[in-house]
């Protein structure tokens, strides 16, 4: 089982520099809330990296262009978080949910709640966000 985080930003040095400038000069119009939640201007937030290490899941990070190159038939809007279990990619947290989150803590709590519910065997199939298959 793997978590795949896909940012609403393209890869490459020029795009990275453009994103940094956008975050600095006009953060309210920056288009990737997942980037904003998990990264500062130049690197991933320390609390986010610690959280991911403690989570103990297989994790992959992709930029929008990397994802669309790998999955050209996908029609998902970004940012998005997927679960890949048994070679089946499933959208787990979509753009709308991610864009409503206001802090790194809120994102971590959402993921943590799903993991704890799954480990405890208390998963409501109707609650897609909290039914992470870990």
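At-a-glance table
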read-out: Residue list for the stretch 51-69, restricted to those being exposed (fewer than 12 other Cβ atoms within 10 Å of the Cβ) and free of Cβ contacts under 8 Å to residues at least 40 places away in the same chain; value: 53, 54, 56, 69
read-out: The stretch 98-117, residues that are modelled with pLDDT of 90 or more, closer than 15 Å to residue 50 by Cβ and over 12 Å from the mean Cα position of the chain (by Cα); value: 105, 109
read-out: Per-region count, the stretch 78-90, residues surrounded by 15 or more Cβ atoms within 10 Å (Cβ to Cβ) and either more than 22 Å from residue 117 (Cα to Cα) or without any contact (Cβ under 8 Å) to a residue 24 or more places away in the chain (or both); value: 2
read-out: Of the criteria (1) over 13 Å from the mean Cα position of the chain (by Cα); (2) part of a loop (DSSP other than H, G, I, E, B); (3) modelled with pLDDT of 75 or more, which one residue 41 fails; value: (3)
read-out: Total residues in the stretch 50-72, condition in contact with a helix residue (DSSP H, G or I) (Cβ under 9 Å, 6 or more places away or on another chain), part of a helix (DSSP H, G or I) and closer than 10 Å to residue 4 by Cα; value: 0
read-out: Tally, over the stretch 100-114, of residues that are crowded, with 16+ Cβ neighbours inside 10 Å and part of a helix (DSSP H, G or I); value: 6
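So that you can scan it fast, the table gives a plain yes or no per residue for (1) at pLDDT 80 or above; (2) under 24 Å from residue 105 (Cα atoms):
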position: 6; (1), (2): yes, yes
position: 11; (1), (2): no, no
position: 18; (1), (2): no, no
position: 31; (1), (2): no, yes
position: 37; (1), (2): yes, yes
position: 54; (1), (2): yes, yes
position: 63; (1), (2): yes, yes
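The values are calculated or read from the model by the stated rules, or taken from the named source; none is laboratory data. Owing to the predicted nature of the structure, the values given are computational and were not obtained by experimental measurement. Please note: Cβ atoms are built from the backbone with ideal geometry, for glycine as well, and neighbour counts cover all protein chains shown.
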